[in-house]
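S.K.: Once you've had a glance at the structure underneath, I'll fire off some questions.
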Amino acid sequence: MKRMQATYMVIRYLPDVPREEFVNVGVVLTCPDAGFQNIRILDHFSEGSRAKALGGDGLFVRHALTKLHNIIAQRRVDDLLGKEASPDGQLTREGMALLQEVFCNNIRFSPLRTAVTSDPAATLAQLFRDYVGDQQPRPEPRTVTRTLIRKRVHEVFVQFRLFSLGLKEDWRLPLLTEPTVDLAYKNDAWHFFQAISFAGHERAVKTAVNAYRQTARDAWESDTEVRDAQFVALVYRPSQPTSQIRNLEEALKHDNIQLRDYRDAPEIAKDIKRDLEAHLLIR
């Protein structure tokens, strides 16, 4: 097999930069002779992961590493470094050195290192194991209740400071029955969110789903400010849902209620923040 030279650097996370303590959270490797360029990063950022080591912010690491992963794996490095430093999205050795300068926050890189390889992908995987370690599968909570969903989502939304921007909790709709939704905000129209776990007793799940469907119908049929509202269910779905659970999911979708996994809370929070900040500017 042909032996080729590869260049790599280890991605480091420094929760507290002045202390200079870091944990390895990924590896970037390029091999021009093989036309290879890729990155391996942590596959989860929850409690117990390296992202939370040294008292770090797992949410920050997730966003920073996901962005870095996308621009390298999708060969869009020129979006960050410019076409001269990264022709056609290729990460050259010079570009890697420039990347080290661009990332001057809590994400840093080791000095450039070389490796001889006949299989760049296998070498990257081995380097990741050597520097970061084998990653255990992300554990699924034994019981994900509606209360847990609300707690996890609330924690994320607090980090994004959404409540200071106008997000409301336990908001009562201006309808005759005065139903309450878990979360609400308004820009051009009202947006409502309700936590629903499909892991509970099927009768209780059915009651929760139908209650939210009825709230949506009452809102859309009313002559109030919520008649154009958008409804979202923040859900937990078991890995092996029953036919009854699948039917309840379809019922929500049929009623034009969006289903979002509650673990997507950071992405949802970014959308809400954008809407609320735009609304404040218009006002």
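S.K.: Taking the alpha-carbon distance from Lys273 and a cut-off under 16 Å, which lysines remain once sequence neighbours fewer than 8 residues away in the same chain are dropped?
M.R.: Output for Lys273: Lys168, Lys186.
S.K.: Ranking request for peptides 222-230, 237-245: highest mean number of other beta-carbon atoms within 10 Å first, then the rest in descending order.
M.R.: Packing order, densest peptide first, comes out as 222-230, 237-245.
S.K.: For helix 120-131, what angle does its Cα long axis make with the longest principal axis of the chain, in degrees from 0 to 90 and rounded to 10?
M.R.: 80
S.K.: Right, next: Evaluate the distance, in nm, between pseudo-label points positioned 7 Å from the Cα of Asn70 and of Trp220 along their respective Cα→Cβ axes.
M.R.: A separation of 3.0 nm, rounded to one decimal place.
S.K.: Summing +1 for each Lys or Arg and -1 for each Asp or Glu, what net charge is found among the other residues whose Cβ lies under 9 Å from the Cβ of Tyr236?
M.R.: Taking every Cβ under 9 Å from that of Tyr236, the sum is +2.
S.K.: Working with all protein chains in place, sort Glu94, Glu178 by solvent-accessible area computed with a 1.4 Å probe, largest first.
M.R.: The ranking, largest first, comes out as Glu94, Glu178.
S.K.: Continuing with the same structure: Given R₀ = 30 Å, FRET efficiency for Ala211-Gln159 by Cβ-Cβ distance, to 0.05?
M.R.: 0.55
S.K.: Please list the non-local residues whose amide H lies under 5 Å from the amide H of Leu112, H modeled 1.01 Å from N, same-chain partners needing a gap of 5 or more.
M.R.: Correct list: empty.
S.K.: What are the ³J(HN,Hα) couplings of the range 237-244, residue after residue, when phi is run through the Karplus curve with 6.51, -1.76, 1.60 and θ = phi - 60°? Round to Hz, x for glycine and proline.
M.R.: Values, residue by residue: 10, x, 5, 10, x, 6, 5, 5 Hz.
S.K.: Then there's this: Roughly what would the spin-label model give for Arg129 and Leu112, points 7 Å off Cα along C-beta, in nm?
M.R.: Once both label points are built, they end up 2.8 nm from each other.
The values are calculated or read from the model by the stated rules, or taken from the named source; none is laboratory data. Since this is a predicted model, take the numbers as computed values, not measurements. Virtual Cβ from ideal backbone geometry, glycine too; neighbours counted across all protein chains shown. All accessible areas refer to the heavy atoms of the entire protein, side chains included, with ligands and DNA or RNA removed. Shrake-Rupley method; radii C 1.70, N 1.55, O 1.52, S 1.80 Å.
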